[in-house]
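> This structure is in structure tokens; I'll ask about it shortly.
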Amino acid sequence: MQTTNMISVKESSLEKIEYQNLPGDFALWIFIFAEMLVFGVLFIAYAFSRAQNVALFNDSQLTLNRGFGAINTVILITSSYFVVRGVAAIKKDLTHQCAYWLSGALVLGSVFVGIKMVEFYEKFNAGISMSTNNFYMFYLSLTFFHLMHVLMGMVILATIIARTRRGAYSAKQHTGVETGASFWHMVDFLWIILFPLVYVIR
Amino acid sequence: MQMSQSTLFSTCIFVLLVALTFATFSIGEAGMAGKYTMLILLAIAMIKSQMVAHYFMSLHQTRPLWRLIMLMYFVIVGGLIAVAYLIGLA
């Protein structure tokens with residue numbers, strides 16, 4: 001009895017855990033890691049620059065619309081969730097559902113862009129520019145750089161939606177959907193760090 | 001329509017992420033500041049980002065190396081931001 005138990009323990013310990021590859025195209029993951037590195041350096045540069053002039057950063061931060069920042073965070077999180085549902089749908093061969101979920105994410109992406117435009121308009125209208133002070137230099141460059149990634153993500157999502165509608169993806173072949181999804185999630189988690197860093201922490 | 005277990009799990013993660021965003025916003029609106037507030041806000045941001053990477057990006061199903069790289073990114077970036085803020089407070 002004891003020998004049988006020992007054998008079964010040995011067998012179970014020899015069972016290999018099957019890991020999956022990174023979701024989507026590996027080449028895009030190189031790009032994702034590179035982008036994370038660039039944003040990481042910018043976040044750290046912002047924090048150390050703030051340490052040189054805390055009062056200026058705190059005063060300037062008060063002029064930002066924290067509500068817009070929070071709404072945009074919820075929008076990106078919701079769009080990321082829609083993308084998760086889209087990937088889950090294509091894995092079940094539900095192409096129409098996948099296209100609907102991804103379209104929802106795309107609509108939310110455009111709402112994010114709209115809110116960001118209003119925010120930028122308010123700042124430029126108040127005479128604020130990148131040369132106003134160090135805080136605004138970081139705020140405008142970080143959020144604009146992130147906005148470029150949102151727009152790039154929207155182009156990728158739109159392409160995937162069009163291809164999904166044409167039947168290019170299925171339960172067996174959906175690397176393209178996963179690739180676009182990974183990029184969109186990266187855009188989401190970078191904003192999740194950016195929001196408290198620039199809008200809240202003081 | 002019945003939700004699959006993985007969909008239900010993703011939905012729970014989504015609700016948690018929204019709740020943590022509301023917590024961050026509320027802390028900001030309350031005008032809270034200082035060392036501990038900064039550390040709590042940074043921790044919330046890094047946990048939220050890790051949740052997106054781990055569950056939404058499906059990194060939890062990949063090799064430990066990829067998960068470690070992602071975790072180290074959040075730890076290093078979050079850690080250095082915290083150090084910079086502590087220098088500012090000093």
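The values are calculated or read from the model by the stated rules, or taken from the named source; none is laboratory data. Treat the numbers as computed from the prediction; the structure is a model and nothing was measured. Ideal geometry is used to build each Cβ from the backbone, glycine not excepted, and the neighbour counts take in all protein chains shown. With ligands, DNA and RNA removed, areas are computed over all heavy atoms of the protein, side chains included. Shrake-Rupley method; radii C 1.70, N 1.55, O 1.52, S 1.80 Å.
> Are any residues in the stretch A:97-115 of a type in the set (A, V, I, L, M, F, W, C) and either without any contact (Cβ under 8 Å) to a residue 40 or more places away in the chain or surrounded by fewer than 20 Cβ atoms within 10 Å (Cβ to Cβ) (or both), and if so, which ones?
Restricting attention to the stretch A:97-115, the residues satisfying the condition of being of a type in the set (A, V, I, L, M, F, W, C) are A:98-99, A:101-102, A:105-108, A:111-113, A:115.
Within the stretch A:97-115, A:W101, A:V107, A:L108, A:V111, A:V113, A:I115 meet the criteria.
> What are the residue pairs meeting all of these: first residue in the stretch B:16-35, first residue part of a helix (DSSP H, G or I), second residue open to solvent by 40 Å² or more (accessible area, probe 1.4 Å) and at pLDDT 95 or above, Cβ atoms under 7 Å, and 6 or more apart or on different chains?
B:V18/A:V74; B:T21/A:V74; B:K35/B:L86
> What are the residues in the stretch B:81-90 that are open to solvent by 10 Å² or more (accessible area, probe 1.4 Å) and within 7 Å of another protein chain (Cβ to nearest Cβ), if any? Talk me through it step by step, then tell me what you get.
Within the stretch B:81-90, the first condition is being open to solvent by 10 Å² or more (accessible area, probe 1.4 Å), and the residues that meet it are B:82-83, B:86-90.
B:I87, B:G88, listed by residue number.
> (1) assigned to a helix (DSSP H, G or I); (2) open to solvent by less than 70 Å² (accessible area, probe 1.4 Å): which one isn't true of B:L8, the others all being true?
Just one mismatch for B:L8, condition (2).
> For B:Q50, state whether it is at the interface with chain A (Cβ under 9 Å from one of its Cβ atoms) and open to solvent by 10 Å² or more (accessible area, probe 1.4 Å).
It is true that B:Q50 is at the interface with chain A (Cβ under 9 Å from one of its Cβ atoms) and open to solvent by 10 Å² or more (accessible area, probe 1.4 Å).
> Which members of the stretch A:136-167 meet the condition of being farther than 30 Å from A:R50 by Cβ, hydrophobic (A, V, I, L, M, F, W, C) and either touching a helix residue (DSSP H, G or I) at 6+ places or on another chain (Cβ under 7 Å) or open to solvent by less than 20 Å² (accessible area, probe 1.4 Å) (or both)?
A:M154, A:I156, A:L157, A:A158, A:I160, A:I161
> I've got another one for you. Read through the list (1) within 14 Å of another protein chain (Cβ to nearest Cβ); (2) at pLDDT 95 or above; (3) more than 14 Å from the chain's Cα centre (by Cα), then give the number of the only condition that A:T179 fails.
With (1) within 14 Å of another protein chain (Cβ to nearest Cβ); (2) at pLDDT 95 or above; (3) more than 14 Å from the chain's Cα centre (by Cα) applied to A:T179, the lone miss is (3).
> Can you name the condition, by its number, that B:T21 falls short on among (1) within 13 Å of the chain's Cα centre (by Cα); (2) open to solvent by 70 Å² or more (accessible area, probe 1.4 Å); (3) at the interface with chain A (Cβ under 8 Å from one of its Cβ atoms)?
In the conditions (1) within 13 Å of the chain's Cα centre (by Cα); (2) open to solvent by 70 Å² or more (accessible area, probe 1.4 Å); (3) at the interface with chain A (Cβ under 8 Å from one of its Cβ atoms), B:T21 misses (2) alone.
> Can you tell which of A:L76, A:L14, A:L64, A:L94 is modelled with pLDDT of 95 or more and open to solvent by 50 Å² or more (accessible area, probe 1.4 Å)?
A:L94
> I'm told B:K35 meets every condition in (1) open to solvent by 50 Å² or more (accessible area, probe 1.4 Å); (2) of a type outside the set (A, V, I, L, M, F, W, C); (3) more than 7 Å from chain A (Cβ to nearest Cβ); (4) farther than 24 Å from A:G69 by Cα except one. Can you identify the failing condition by its number?
(4)
> Among residues belonging to the stretch B:65-80 that are at the interface with chain A (Cβ under 8 Å from one of its Cβ atoms) and over 21 Å from A:I77 (Cβ atoms), point out the one that is least open to solvent (accessible area, probe 1.4 Å).
By that ranking, first place goes to B:W66.
> Only residues in the stretch A:21-38 that are over 19 Å from B:V77 (Cα atoms) count as the first member; pair them with residues that are open to solvent by less than 50 Å² (accessible area, probe 1.4 Å) and of a type in the set (S, T, N, Q), Cβ under 6 angstrom, at least 6 apart or cross-chain, and list the lot.
A:L22/B:T62; A:P23/A:S182; A:P23/B:S58; A:G24/A:T179; A:G24/A:S182; A:D25/A:T179; A:L28/A:T179
> Hey, another quick one. Mind counting the residues in the stretch B:36-76 that are outside any helix (DSSP H, G or I) and on the phi < 0 side of the Ramachandran plot?
Result for the stretch B:36-76: 3.
> I would also like to ask the following. Among the residues of the stretch A:24-77, count how many are over 21 Å from A:S141 (Cβ atoms), in a loop (DSSP other than H, G, I, E, B) and at the interface with chain B (Cβ under 10 Å from one of its Cβ atoms).
Of the residues in the stretch A:24-77, 1 are over 21 Å from A:S141 (Cβ atoms), in a loop (DSSP other than H, G, I, E, B) and at the interface with chain B (Cβ under 10 Å from one of its Cβ atoms).
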